[in-house]
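Worksheet for the structure shown next.
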Amino acid sequence: MIRINLLGTERLRARKAIAFDIGQRLTAAAGAILVVAAVVVGWWYWSLRSESTQLDADLAAAQQEAVRLRSLLAEVQQFERQRALVEQRVALIEQLRSGQSIPVQLLDHVSRSVPDLLWLTALEQEDDEVTIEGRSTTLIALSDFVGNLGGNPILQRPIEIVNSQVQPASGTGADAVPELIQFTVRARINRPSSPEAPAGGAGRGAAAGGRQGGAR
């Protein structure tokens, strides 16, 4: 009669099953850890790659912006230089215009100030001093002329009569020359106080002659 010990075999199988189950669990855990580690490393690599790509894009955009700003800066500097040149030209034009307007105003004022029975023989301007020479048949006409000259702010008051001489009458009949008063008047130009006003004078004026009035 043959006897077989089945109990020992079942115990051996149970021990092998338990040992196999622990090995599977360890393998599965290790695999899971590897998978998680791979996922973490992959995500970290992808994150770094994305961040690097974004940084490269930001750097390229910053470089383009720097190029654009340098171009704008060059345009602004060019505009500032052009504006400075324009301002200098405008200031020069205003200065020249201011200097040229005084002789024109002076001549216009003097011509309007000449009364009847008086005419001018010379007008000279040196710096701000104006000298006027002329002749008159009466002292009243000379007084009116001086008063008219002082009626415009372009000339400083008072107007000075530096010379007045009487030329006696001469001749008879149609060739008779009446008594004349030869005079010299001196005045100073009253320049407006302006930052753009020229420091020097406008130069010497030209002599002006001719009879401005006649006897009535």
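Structural remarks
- Within the range 72-99, if we keep just the residues that are polar (S, T, N, Q) and either at pLDDT 90 or above or touching a Leu at 6+ places or on another chain (Cβ under 7 Å) (or both), the residue that is nearest to Arg191 (Cα to Cα) turns out to be Gln82.
- Test result for Arg135, touching a residue at least 24 places away in the same chain (Cβ under 8 Å), surrounded by 11 or more Cβ atoms within 10 Å (Cβ to Cβ) and part of a strand (DSSP E or B): yes
- Note on the range 138-162: residues that are among the acidic types (Asp, Glu) and either in contact with a Ser or Thr (Cβ under 8 Å, 6 or more places away or on another chain) or touching a residue at least 40 places away in the same chain (Cβ under 8 Å) (or both) total 0.
- Test: residue in the range 113-131 that is within 22 Å of Ile189 (Cβ to Cβ), in a helix (DSSP H, G or I) and in contact (Cβ under 8 Å) with a residue 40 or more places away in the chain: no
The values are calculated or read from the model by the stated rules, or taken from the named source; none is laboratory data. Model, not experiment: these values are computed from the prediction. With ideal geometry, Cβ positions are generated from the backbone for all residues, glycine too; neighbour counts draw on all protein chains shown.
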